[in-house]
1. Inside region 1-29, can you point out the residues that are farther than 15 Å from residue 64 by Cβ, surrounded by 11 or more Cβ atoms within 10 Å (Cβ to Cβ), of a type outside the set (Lys, Arg) and touching a residue at least 24 places away in the same chain (Cβ under 8 Å)?
2. Got a number for residues in region 34-66 being among the aliphatic types (A, V, I, L, M), out of contact with any helix residue (DSSP H, G or I) (no Cβ under 8 Å at 6 or more places or on another chain) and part of a loop (DSSP other than H, G, I, E, B)?
3. Where residues in region 38-73 are exposed (fewer than 10 other Cβ atoms within 10 Å of the Cβ) and either at pLDDT below 75 or within 12 Å of the chain's Cα centre (by Cα) (or both), which of them is farthest from residue 3 (Cα to Cα)?
4. Check residue 51 against each of (1) within 26 Å of residue 8 (Cβ to Cβ); (2) without any contact (Cβ under 8 Å) to a residue 24 or more places away in the chain and name the one condition it does not meet.
5. Tell me, yes or no, whether region 10-33 has at least one residue that is at pLDDT below 80, part of a helix (DSSP H, G or I) and of a type outside the set (S, T, N, Q).
Amino acid sequence: MGIHIKEALPVLDTILEQQQAISDRLRKLIETFKREPEPVEPTLRLMLKPIDEGMSELKQTLSQNLNLADSSASPSGS
């Protein structure tokens, strides 16, 4: 079972984009925590929802890529 670099590059690009989005959201959280009175939970939940959705999407993409790599590596007719 191996993943070729050509298969990994799109996933790595997706991870980079999501990491940048996470960093932007964390920066906004820091700004929010500095100026917002308690409670911040509703704001926090709203800001973290896209990150959670992005992580779920990334997990699904990685799972699909691994399944494709496994199926292409296994001998046909098994």
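1. The answer is 18, 21, 22.
2. Qualifying residue count for the region: 0.
3. The selected residue is 38.
4. Looking at each condition in turn, residue 51 falls short on (2).
5. Within region 10-33, one or more residues are at pLDDT below 80, part of a helix (DSSP H, G or I) and of a type outside the set (S, T, N, Q).
The values are calculated or read from the model by the stated rules, or taken from the named source; none is laboratory data. These numbers were taken from a predicted model, which means no experiment stands behind them. Neighbour counts run over all protein chains shown; Cβ positions are idealised from the backbone, glycine included.
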